[in-house]
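Quick note: the coordinates plus some simple rules give every number you see, no bench work behind them. It should be emphasised that the depicted structure is a prediction, and the values quoted were computed from it without experimental measurement. For neighbour counting, all protein chains shown are included, and Cβ atoms are generated from backbone atoms with ideal geometry for every residue, glycine included.
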Amino acid sequence: MEHLSGFAPLAERYSGFILDLWGVIHDGVNAFPHAVETLTRLRAAGKRTLLLSNVPRPNDAVRTMMRRMGIDDSLYTGILTSGEAVRRALENPPDLWWTELGTRVFHLGPDRDRPVLEGLPFVVTNTPAEADFVLNTGPDDHRNPSDMGEFEAVLAECAHHRLKMICGNPDLEVIRGGVRVLCAGALAARYRQLGGDVRSLGKPDPAIYQPVLEQLALPPRDVLAVGDSLRTDIAGAVGVDLAACWVLDGIHGADLRNPDGTFDSARAEAVAREAHIMPVATVPRFTW
């Protein structure tokens, strides 16, 4: 595992890049200026970049959000979100589990994630008792997003009615504007503990990488995945035999950062070994 100070050496070695968004390109509120610069340099070098995110909103909604952050569409080749993958699976069920969901859905998540369902033949219910299944896109706007206990009652009610759960974001947690908050993956994990039946779409599921590689139109050996989460970004890439670069100043940053603000390379290697996930390189941030 190499420990690099910037991304330039890796940009020379690969032709295409699968880039995580949250923690690499932005923090959910603001774009990282160094990341925008790196995207600009990759574009100038003729590299192909596919943004792959576990955000539970369709591609277009995320593009709009990034434009507001100053991330222009021209800075990347393509995008695929877990929300888009959910929407496609609801439109064209890939197997019997999806086909038998029913038409009445209870949405556990904020209203800003509702575009996943827009235009689809589903009725959104007010309570789990009225629903055939539950779409979990993460903490809603009515409860503390940092406290799992706030969601115990609604998850228990969904489990009582034996609702299948679609998890629209496999991430367990994310740092939004400097605050660590729960994601849909954490709620889904608790739902499984309660006996719930869950399907998740997004990293690290190998299926999410097939359309990504098709869009990049490059041999896998020429593609590098970049992300800040060992569990999703790095494990997902390694699981489909892609090289991966671990951005340390993300979800694991607090555990890996030295008092002077640098990162402990030895600690990073130990954490990766413990997880049995080995990226080819680390960088402090997605900076050139």
Checklist entry - Taking the Cα atoms of region 5-126 alone, what are Rg (to one decimal) and Dmax (as a whole number) in Å? => result 17.1, 52
Checklist outcome for this item: Long-range amide H partners of HIS3, meaning residues 5 or more apart or on another chain whose placed amide H is closer than 5 Å, are THR282
Next on the checklist: Normalised by the empirical 2.2 N^0.38 Å for globular proteins, what value does the Cα Rg of region 33-87 take?
Outcome noted: 1.14
Next on the checklist: If you take every DSSP beta bridge fully contained in region 94-200, what fraction is antiparallel? Give it as a percent rounded to 5.
Outcome noted: 20 percent
Item to check | For TRP246, net neighbour charge (Lys/Arg +1, Asp/Glu -1) across residues whose Cβ lies under 9 Å away | outcome: -2
Checklist outcome for this item: Rounded to the nearest 0.05, FRET efficiency between ALA266 and LEU4 (Cβ-Cβ, R0 22 Å) equals 0.90
Next on the checklist: Could you identify which residue out of ALA45, ALA61, ALA268 has the top mean-square fluctuation in a GNM of the chain using Cα springs shorter than 10 Å?
Outcome noted: ALA45
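Given the chain, what percent of its DSSP beta bridges are antiparallel, to the nearest 5? Mind showing how you got there, number by number?
Numbers: 6 of 42 bridges.
Roughly 15 percent of the DSSP beta bridges within the chain come out antiparallel.
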Checklist outcome for this item: Out of ASN54, ASN144, ASN136, a Gaussian network model of the chain with alpha-carbon springs under 10 Å gives the largest mean-square fluctuation to ASN144
Next on the checklist: At q = 0.12, 0.15 Å⁻¹, what log₁₀ I(q)/I(0) does region 94-200 have when each alpha carbon counts as one equal point scatterer in the Debye sum?
Outcome noted: -0.37, -0.58
Checklist outcome for this item: Total charge of the residues flanking VAL226 in space, meaning their Cβ is under 10 Å from its Cβ, with Lys and Arg +1 and Asp and Glu -1, is -3
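Once R0 is set to 25 Å, what does the formula 1/(1 + (r/R0)^6) return for the Cβ-Cβ distance between ARG176 and ASN126, expressed as a FRET efficiency to the nearest 0.05?
On the way: r = 27 Å, r/R0 = 1.07.
FRET efficiency, ARG176 to ASN126: 0.40.
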